[in-house]
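The structure under discussion appears below in the form of structure tokens.
Values in this text are rule-based calculations from the coordinates and carry no lab data. All of these numbers come straight from a predicted model, not from anything done at the bench. Note that we place each Cβ from the backbone using ideal geometry, even for glycine, and neighbour counts take in every protein chain shown.
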Amino acid sequence: MTESRLARVLRQHVMTANLLGVADVPWYRARKEVEPGAPGPERVTGARPAHEAVQTASSPMLATATHDAIAETKPAPGPAARESAPTSREGKAALLARIRARYERDEPHKAFVTAHHRIVFDDGDPSARVMFIGEAPGEEEDIQGVPFVGRAGQMLNKWIEAMGLKREGVYIANVLKTRPPGNATPSPEQARLCAPYLHAQIAAVRPEVIVTLGLPATHLILETTLPMGRLRGVWAQFRIPTTDPLGLIPEEASGQPIAVMPTYHPAFLLRALTYENRQKIWSDLQLVMARLSAG
Ligand code: URA
């Protein structure tokens, strides 16, 4: 590391220490990329771990079943599926607009959401290197139609700033696009119903890194049911699905891997603002920063 880069990193550490209230800041950990097939208890990949395959295969909420249900009721994928993946910001924004329009037409939340005001689809830069995925809009997000603008959003903004990024420079989305009744945690069924739209968003943006915030996003993206304590702080991988019931995933994007860093949800830190939790989250975010600066 050059001296100026070291100085910049140290400055960032001090700023972050203040923001997150961490007294001593851990140095970057060695990159813990976990290769598919590698041994070890914390191995996670986008592909479903073998020990969970049976559980999922017998589940009524199979992703493929959801995809089939959507495919049955909606028009077959159009020519979009054969289009090349957009690389410009404008191209990505245009594809995201089509995904949003499709979501608004399909209203997959109609099966479980009883009352909401706004669809909260996304926020940020369609060309972002980092994508944050949360759970679902809360009250404030439902009013404004923008993800992460309430208290959890303010916490997330601090994290983003502490990482040396700008909120406008990252892309933010949720598993669910509408506020669930009673602000309940999204169920796996609800997540599966909305998953094709999130997958299409990921394929449109094609970020270098996805940060999943909390268990619903992490479980959906990594297709696992392991607890956060086993998942956070370890690089995992998401593969853009090759089955695309919406016909909105560009062919060259499908099957592409994206690095995933699971971490706790900002609302969790608001509930349990302990030194230990802050350190864990900061350590996870540092891994993301290290990856971005290496890339
Ligand atoms: N929590 C989330 O997961 N998403 C939001 O948009 C707001 C709060």
(message) For the stretch 136-295, take the convex hull of the Cα atoms, compute a quarter of its surface area, and give me that in nm², please.
(response) 9.4 nm²
(message) From the phi angles alone, apply the Karplus equation (6.51, -1.76, 1.60; θ = phi - 60°) to the stretch 105-111 and give each ³J(HN,Hα) in whole Hz, x where the residue is Gly or Pro.
(response) 6, 6, 6, x, 6, 4, 6
(request) Within the stretch 272-287, find all residues whose amide N lies under 14 Å from a label point positioned 7 Å from the Cα of Asn183 along Cα-to-beta-carbon. (result) 272
(request) Can you grab the distance from the C-alpha centre of the stretch 108-175 to the C-alpha centre of the stretch 222-286, Å, no decimals? (result) 15 Å
(message) Need the full-extension length gain, Lys158 to Tyr275, defined as separation in residues times 0.36 nm minus the C-alpha distance. One decimal, nm.
(response) 40.5 nm
(request) Could you list which residues have their amide H under 5 Å from that of Val260, counting only those 5 or more apart in sequence or on another chain, with H placed in the peptide plane? (result) Ile210, Ala236, Gln237, Phe238
(message) Rounded to the nearest 5, what % of DSSP beta bridges with both residues in the stretch 185-266 are antiparallel?
(response) 45 percent
(request) Pull up all non-local amide H partners of Asn174: gap of 5 or more, or a different chain, and H-to-H distance under 5 Å with H placed in the peptide plane. (result) Gly134
(request) For every other residue with a beta carbon closer than 9 angstrom to the beta carbon of Pro126, add +1 if it is Lys or Arg and -1 if Asp or Glu, then tell me the sum. (result) -1
(request) Taking every pair of Cα atoms in the stretch 85-220, average 1/r, invert it to obtain the Kirkwood radius, and report Rg/Rh to two decimals. (result) 0.94
